[in-house]
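Data block below; observations after.
Please treat every number below as a calculation from the coordinates, not as lab data. Here the structure is a predicted model, which is why all the values come from computation and not from measurement. Note that each Cβ is placed from the backbone with ideal geometry, even for glycine, and that neighbours are counted across all protein chains shown.
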């Protein structure tokens, strides 16, 4: 029923019960998961999860927080890992000007390099953007990359329309259920469901009524419920359409 388009099950917060939790998810209606890499280590740990579980797929890529340590050799390693049949995207990559854990010059450089890799390999991208909405958009447009998802979309409705016009999907997760989610609600209201993916970003961004707890894919039902309420659709319709969207983007034919 549900396709979690962005999770981090290799995160240390799952160390105590990872196997038991993952093995319970399909019983809770979770059909597919893309586990998103965030640094070079997680490119390997994420792929290991995808190799272990049939319903989990992986991306490879380095988050803007960690690009300060990236090297050309790392790009070559990602290129090799991306040939694995369970790797379905390059990500999560992008810009984060909120924390600035990596210098902005480094963020821009390695964002562009990873976009080039995605274009070369004809893989979709998983984009992280915080406090850098317009620059992220401009760099993607300059790259020529034409398929991907803007993870945890937090931009304006106007920007959302520009992404959709160019064939991108918008990732919607637990933050949609927060009290201050007015802008995201406006995006979900105005953008056709055919351009929306659902995600958890687990263990982060847990939806209401479980905010503050560790997130996992079983909580997608609260995101789906909120989208259904906004769109005037049934939860089954939302789950089905967003799942088909994710399968299309990540080229999963099962």
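See the values below:
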quantity: Calculated FRET value between residue 235 and residue 15, using beta carbons and R₀ = 25 Å, to 0.05; calculated: 0.20
quantity: Extension gain from residue 131 to residue 161, taking 0.36 nm per residue of separation minus the Cα-Cα distance; calculated: 9.0 nm
quantity: Added length on full extension, which subtracts the Cα-Cα distance from 0.36 nm per residue, residue 80 to residue 252; calculated: 59.9 nm
quantity: Approximate spin-label separation residue 186-residue 213, in nm, with each point projected 7 Å along Cα-to-Cβ; calculated: 3.2 nm
quantity: Full-stretch length increase - residue 28, residue 116 - with 0.36 nm per residue and alpha-carbon distance subtracted; calculated: 27.9 nm
quantity: Convex hull (Cα only) mean projected area of the chain, reported in nm² to one decimal; calculated: 12.1 nm²
quantity: Order of 99, 163, 53, 157 under a 10 Å beta carbon neighbour criterion, fewest first; calculated: 99, 157, 53, 163
quantity: Structure-based [θ]222 nm, the chain - -39500 (n - 2.57) summed over DSSP H runs of at least 4, per residue, nearest 500; calculated: -13000 deg cm²/dmol
